[in-house]
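Notes for the one structure printed next.
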Amino acid sequence: MVWKWLGALVVFPLQMIYLVAKAAVGLVLPAKLRDLSRENVLITGGGRGIGRQLAREFAARGARKIVLWGRTEKCLKETTEEIRQMGTECHYFICDVGNREEVYQTAKAVREKVGDITILVNNAAVVHGRSLMDSDDDALLKSQHINTLGQFWTTKAFLPRMLELQNGHIVCLNSVLALSAIPGAIDYCTSKASAFAFMESLTLGLLDCPGVSATTVLPFHTSTEMFQGMRVRFPNLFPPLKPETVARRTVEAVQLNQALLLLPWTMHALVILKSILPQAALEEIHKFSGTYTCMNTFKGRT
């Protein structure tokens, strides 16, 4: 028994060195991308914003079928028609992911009409954009139901079949605000932090499930109508991401089977700073960068 433990202690650091070296090589040498030609992709919140760009990107990269979920039929229909014009089979379903029974019923309809979903992209989200004391209770609940619990319901609806097929991928379009919250968006930050923990636990739980993986994407502020009016102090130093960039990098992460993607890469520095700096210093960074007041001009879509 003692020798077994000693052997494990010797092998473990060697494994860490090997894995770090392998990752470093992967950054330099181009990796083989996953073929999407047999994949059926479902995107929640797929009618506009990042969701629409994701549909375009998956279609451009050869996905077999694309399914869009959302609450606004006009946007869903427009995006569906656009994807069909690209030569990809596309369907849309009106579904509020915050409604558990509606998710399960619509998932059943998807399986009957389209077939098995092999890539699930949880993208749907809302933001109330208020402080806690200024927030309406129902609006707070709406954010949690759609941004967090909705991912529970969609994943429970589609993951079992992925496990049976030994082929599947769960994707979460999260936000860097899951790691570093700001004032004025307490509903959104809380829901995204919860969703991040959900995905972290899910990803680890899938380690022994062959053929099924997960990807969490944490982008910086993206120029969509959801966060319209949000302003940082130095927009030239911290420009908002383009939805096209977020979509392209997300699909690449799926094809590379990348578990975590921070956008842009400078957000890694934020994670390091939060772990080493005292709270007073972090507060000054928020004030200096303008994130402390960035939601004061918020006019986005909920």
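The values are calculated or read from the model by the stated rules, or taken from the named source; none is laboratory data. Bear in mind that the values here come from a model prediction, so they are computed numbers and not experimental data. Positions of Cβ are generated from backbone atoms using ideal geometry, with glycine treated the same way; all protein chains shown enter the neighbour counts. All accessible areas refer to the heavy atoms of the entire protein, side chains included, with ligands and DNA or RNA removed. Shrake-Rupley method; radii C 1.70, N 1.55, O 1.52, S 1.80 Å.
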Report yes if some residue within the stretch 60-76 is under 23 Å from the mean Cα position of the chain (by Cα), closer than 25 Å to Ala214 by Cβ and of a type in the set (Ser, Thr, Tyr); otherwise report no.
no
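Quick check: is even one residue across the stretch 103-110 modelled with pLDDT of 95 or more and either outside any helix (DSSP H, G or I) or farther than 28 Å from Asn257 by Cα (or both)? Write out each step before concluding.
Initial filter on the stretch 103-110 (modelled with pLDDT of 95 or more): 103-110.
Narrowing the set further to residues that are either outside any helix (DSSP H, G or I) or farther than 28 Å from Asn257 by Cα (or both) leaves 105, 109.
There is at least one residue in the stretch 103-110 that is modelled with pLDDT of 95 or more and either outside any helix (DSSP H, G or I) or farther than 28 Å from Asn257 by Cα (or both).
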From the set of residues in the stretch 183-198 that are under 15 Å from Val232 (Cα atoms) and surrounded by 19 or more Cβ atoms within 10 Å (Cβ to Cβ), which is modelled with the lowest pLDDT?
Gly184
Within the stretch 248-302, track down each residue that is among the polar types (S, T, N, Q), touching a residue at least 40 places away in the same chain (Cβ under 8 Å) and part of a helix (DSSP H, G or I).
Thr250, Gln255, Ser289, Asn296, Thr297
Being touching a residue at least 40 places away in the same chain (Cβ under 8 Å) and not polar (S, T, N, Q) is the filter here, so list the residues in the stretch 109-122 that pass it.
Val110, Arg111, Val114, Gly115, Asp116, Ile117, Ile119, Leu120, Val121
With the requirement that a residue be in contact with a strand residue (DSSP E or B) (Cβ under 6 Å, 6 or more places away or on another chain), outside any loop (DSSP other than H, G, I, E, B) and open to solvent by 10 Å² or more (accessible area, probe 1.4 Å), what does the stretch 199-212 give you?
Leu202, Thr203
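Is at least one residue of the stretch 236-251 among the acidic types (Asp, Glu), open to solvent by 70 Å² or more (accessible area, probe 1.4 Å) and closer than 23 Å to Leu165 by Cβ?
Step one: list which residues in the stretch 236-251 are among the acidic types (Asp, Glu), which gives 244.
Subsequent filtering for residues that are open to solvent by 70 Å² or more (accessible area, probe 1.4 Å) retains 244.
With closer than 23 Å to Leu165 by Cβ added as a condition, the list becomes none.
No, the conditions are met nowhere in the stretch 236-251.
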Hey, does the stretch 213-227 have a residue that's under 30 Å from Lys108 (Cβ atoms) and surrounded by fewer than 23 Cβ atoms within 10 Å (Cβ to Cβ)?
yes
The one condition in (1) crowded, with 16+ Cβ neighbours inside 10 Å; (2) over 24 Å from Ser143 (Cα atoms); (3) among the hydroxyl-bearing types (Ser, Thr, Tyr) that Thr291 fails to fulfil
(2)
Which of the residues spanning the stretch 62-92 are open to solvent by 30 Å² or more (accessible area, probe 1.4 Å) and outside any helix (DSSP H, G or I)?
Gly62, Arg64, Arg71, Thr72, Met86, Gly87, Glu89, Tyr92
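For the stretch 131-154, state whether one or more residues are assigned to a strand (DSSP E or B) and in contact (Cβ under 8 Å) with a residue 24 or more places away in the chain. Can you show your working first?
Within the stretch 131-154, the first condition is being assigned to a strand (DSSP E or B), and the residues that meet it are none.
Checked against the condition, which is being assigned to a strand (DSSP E or B) and in contact (Cβ under 8 Å) with a residue 24 or more places away in the chain, the stretch 131-154 yields no hits at all.
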